[in-house]
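Notes follow once the structure below has been shown.
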Amino acid sequence: MLMNELVLLLPEESRTDLPLIARCMAIAEREAQTGTTLEHEFRVLYGTSTETDELLHLFARELCIGVFENSPDREVRPALFCDN
């Protein structure tokens, strides 16, 4: 509901950013509540010994090829898409 109200207050060129901002805020809120970060979830997914830059590279590659869109069983999906 709030997004529908806010979108009317934004300039046209900024309206496409609102869903992304809302998703980021939801992720940050959940991290604050649970104490679990996306980095932790990436480490669970890709391995604890993986460097942070490599975690992001692996994630970005899989995101680009659509791994998470059609794979609801992937562990990172709830954090990424806020559908927990």
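If you go through the range 47-77 and keep only what is at pLDDT 75 or above and within 19 Å of residue 27 (Cα to Cα), you end up with 52, 55, 56, 59, 60, 63. Which residues, counting only those in the range 7-30, are acidic (Asp, Glu) and closer than 20 Å to residue 41 by Cβ? Correct list: 29 only. All of 13, 31, 5 fail the test of being surrounded by 11 or more Cβ atoms within 10 Å (Cβ to Cβ) and in a helix (DSSP H, G or I), apart from 31.
Selection of the range 48-65 for residues being within 15 Å of residue 37 (Cα to Cα) and in a loop (DSSP other than H, G, I, E, B) yields only 48.
The values are calculated or read from the model by the stated rules, or taken from the named source; none is laboratory data. Fair warning: this is a prediction, and the values are worked out from it, not measured in the lab. For neighbour counting, all protein chains shown are included, and Cβ atoms are generated from backbone atoms with ideal geometry for every residue, glycine included.
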